[in-house]
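The values are calculated or read from the model by the stated rules, or taken from the named source; none is laboratory data. Quick caveat: nothing in here was measured; it's all calculated off a predicted structure. Quick reminder, even Gly has a Cβ in these numbers, built from the backbone with ideal geometry, and neighbours come from all protein chains shown. These accessible areas exclude ligands, DNA and RNA; they are computed on the full protein's heavy atoms, side chains included. Shrake-Rupley method; radii C 1.70, N 1.55, O 1.52, S 1.80 Å.
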Amino acid sequence: MSMLKDLSGKTYTAANGQQTYEVFYASAGLVPVIGELLQEHFGFAPTSKPVIGLDEVVAEVEKDGIKLGLGWDNWSGAYVMGFCEEGTNGFESKRTSFIM
């Protein structure tokens, strides 16, 4: 039996109606990596310092009015979520580019 966890992600619609991409078995250590990739490859900038709690890490980035949340919690694993309609509309193409 393999001890490896599945680190492939899945796209969902969050409670706010926006798209979210989640990697359930990823650790909180993936959040800074995702943030760095969003900044270096897509031009997003952090809007505030990350919030780090016992069971979650939350950060926000923005570019040209497009707001994304990224973080980790013990319910979803690591995630990137659209916080506005523009974020959701461009989410699938950005997610594909991000993964490739």
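Each label was represented as a point 7 Å from its Cα along the Cα-to-Cβ direction; for Lys5 and Trp75 these points are 1.8 nm apart.
In order along the stretch 15-22, phi translates into HN-Hα couplings of 4, 7, x, 8, 7, 9, 10, 10 Hz, rounded to whole numbers, per the Karplus curve 6.51 cos²θ - 1.76 cosθ + 1.60 with θ = phi - 60° and x for Gly and Pro. The simple spin-label model puts a point 7 Å past each Cα toward its Cβ; for Ala14 and Ala28 those points are separated by 1.8 nm. Evaluating 6.51 cos²θ - 1.76 cosθ + 1.60 at θ = phi - 60° for every residue in the stretch 54-61, the Karplus couplings come out as 5, 10, 7, 10, 9, 9, 10, 10 Hz, glycine and proline recorded as x.
When all protein chains stay in place and ligands, DNA and RNA are ignored, the 1.4 Å accessible-area order of Asp64, Asp73, Asp55, largest first, is Asp64, Asp55, Asp73. I'd like the carbon and sulfur percentage of the solvent accessible area for the stretch 1-61, probe radius 1.4 Å, heavy atoms only, ligands and nucleic acids excluded. Whole-percent figure for carbon plus sulfur exposure: 60. In plain terms, the C-alpha convex hull of the stretch 28-74 casts an average shadow of 3.0 nm² when viewed from every direction.
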